[in-house]
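Notes follow once the structure below has been shown.
The values are calculated or read from the model by the stated rules, or taken from the named source; none is laboratory data. Note that the structure is predicted; figures quoted are calculated from it, not measured. Cβ atoms come from the backbone with ideal geometry, glycine included; neighbour counts cover every protein chain shown.
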Amino acid sequence: MSVIESGLYVNNARKINIAFDDLMGFYSEGDYRTGYIRTFAMLLSTCIPDGVIENNPEYADTYAKFPLDERDRTPMSRVAFYLYYKTFEQIMRNLAMIGITKADISSPGNKELDGMALDPFSEWEVEGE
């Protein structure tokens, strides 16, 4: 089976940024509903190039510990919501969606990342470090 290249794609960058911020907001407000987690998982799943989120080992481990209720309005524990949030963060780091540094971009083999991230603290670097 070969991969078909297309000029069409779904640009989820804006959506996923807003949704990730929303998760932080829900957490800070103490609003830990299952639907928020499920919705973000669905969105993040579209960004996984080689599968779906349910097949991701980190997500599967979190889901095994805290299965999601079928009803979206069902509240979760604070700990479960936090663990899902941190799981999503780790998945996004593994996909180079967050945590990209200038060194990552300029290293050989990362030409596709060229120009996608800037290090906002680069002017504060101490010479020799």
Filtering the stretch 69-90 down to residues that are exposed (fewer than 13 other Cβ atoms within 10 Å of the Cβ) and closer than 21 Å to residue 55 by Cα, which residue is nearest to the chain's Cα centre (by Cα)?
86
Residue satisfying all of: in the stretch 46-58; polar (S, T, N, Q) and at pLDDT 95 or above; surrounded by the fewest Cβ atoms within 10 Å (Cβ to Cβ) among these:
55
For the stretch 41-66, pairs from a residue that is under 20 Å from residue 16 (Cα atoms) to a residue that is polar (S, T, N, Q) and not in a helix (DSSP H, G or I), with Cβ under 7 Å and 6 or more apart or across chains, are 43/12; 46/12; 47/12; 48/56
Considering only residues that are within 21 Å of residue 94 (Cα to Cα) and surrounded by fewer than 16 Cβ atoms within 10 Å (Cβ to Cβ), which ones fall in the stretch 23-37?
24
Collect the residues in the stretch 6-53 that are among the basic types (Lys, Arg) and outside any helix (DSSP H, G or I), keeping them in residue-number order.
33
Going through the stretch 64-82 one residue at a time, which ones are in a helix (DSSP H, G or I) and under 25 Å from residue 13 (Cβ atoms)?
81, 82
